[in-house]
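Here is the structure we will look at.
The values are calculated or read from the model by the stated rules, or taken from the named source; none is laboratory data. As the structure is a computational prediction, the values presented were derived from the model and not from experiment. Every residue, glycine among them, receives a Cβ derived from its backbone with ideal geometry; neighbour counts consider all protein chains shown.
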């Protein structure tokens, strides 16, 4: 379980394997490792919950199965790419964002990024399968970052990106044409599930 608040910076060291067979991803983040990492830990990389299968003082290694590659586009990562990295929550931690599982629902394209005041307005394509779950003033995790939806249309939604979030995360450097991982708010998931179950009665 994660909060969607990105504290640590990560850099891709290597990505090996294939989309069909799965990948081995190595990420450098000495600050995260110093914060406490153990074999088997769950760590969110660009919003994707991955398991640590090896680490040293500077790097962590993860296995990425084909299902995860299909949903995330991790096969597009290249050495040197910056990634958002979050350690899993501990009991007693502050929940400053929203509950994020690290179970990515889809991968979408950034349509536009406009300067707005001190920050940016980010326009992201809205996959049809997720439209019922992404609503104005609701939560969404974009590349693992907990964000509030500013507005929605039939095929897109917007995010008002504050300077601090732009500085701390990859969303500050990503722009039109780049792709991001999306995870819907679990509260919306369960609410829609309950509505659908009631409608079937």
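Is it true that residue 73 is outside the structural domain of residue 181 (by TED's automatic domain parsing) and at positive phi? For residue 73, the condition - outside the structural domain of residue 181 (by TED's automatic domain parsing) and at positive phi - is met. No other residue among 36, 117, 40, 80 is touching a strand residue (DSSP E or B) at 6+ places or on another chain (Cβ under 7 Å) and over 29 Å from residue 189 (Cβ atoms) apart from 80. Among the residues of the range 147-169, write down those that are more than 17 Å from residue 117 (Cα to Cα), touching a helix residue (DSSP H, G or I) at 6+ places or on another chain (Cβ under 9 Å) and touching a residue at least 40 places away in the same chain (Cβ under 8 Å). The one that is more than 17 Å from residue 117 (Cα to Cα), touching a helix residue (DSSP H, G or I) at 6+ places or on another chain (Cβ under 9 Å) and touching a residue at least 40 places away in the same chain (Cβ under 8 Å): 147. Somewhere in the range 186-200, is a residue closer than 16 Å to residue 109 by Cβ and touching a helix residue (DSSP H, G or I) at 6+ places or on another chain (Cβ under 7 Å)? Scanning the range 186-200, I find no residue that is closer than 16 Å to residue 109 by Cβ and touching a helix residue (DSSP H, G or I) at 6+ places or on another chain (Cβ under 7 Å), so the answer is no. Against the test of being closer than 25 Å to residue 8 by Cα, touching a helix residue (DSSP H, G or I) at 6+ places or on another chain (Cβ under 9 Å) and in contact (Cβ under 8 Å) with a residue 24 or more places away in the chain, the options 135, 100, 124 yield a single qualifying residue, 100.
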